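Quick notes on the structure that follows.
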């Protein structure tokens, strides 16, 4: 690791992104389902889609909510066929290309 971990100023615990990392407890599944039901589009980034129950969310979006979905991941997965758009590339590279196309 090139940099020191940022720490919470109050409890001094390491800060982490607001995402589910491997081994983390899954606590926001119901909220995720509600957000998908309100969405117009789903973008899934950098996951093997192996972890249950979150790996069912793309199916909810595509089959139940009938919203288009895109997937960017380094490697193919068993769920690639769910998505209207699939990009197999390094996430950083794919996002930089997407930013160019969308003029960000």
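What follows draws every value from the coordinates through simple rules; no lab data is involved. These numbers come from a predicted model, not from an experiment. With ideal geometry, Cβ positions are generated from the backbone for all residues, glycine too; neighbour counts draw on all protein chains shown.
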Exercise for review: Return the total of residues in segment 56-104 being surrounded by 13 or more Cβ atoms within 10 Å (Cβ to Cβ), touching a strand residue (DSSP E or B) at 6+ places or on another chain (Cβ under 7 Å) and not in a loop (DSSP other than H, G, I, E, B).
Suggested key: 15
Point to revise | Test result for residue 44, touching a residue at least 24 places away in the same chain (Cβ under 8 Å), assigned to a loop (DSSP other than H, G, I, E, B) and either in contact with a helix residue (DSSP H, G or I) (Cβ under 8 Å, 6 or more places away or on another chain) or within 21 Å of residue 18 (Cβ to Cβ) (or both) | key: no
Revision key, fill the gap. Note on segment 21-41: residues more than 11 Å from the chain's Cα centre (by Cα) and not in a helix (DSSP H, G or I) are 22, 23, 24, 25, 26, 27, 28, 39, 40, 41
Check your understanding: Does at least one position in segment 6-19 carry a residue that is in a loop (DSSP other than H, G, I, E, B) and at positive phi?
Key -> yes
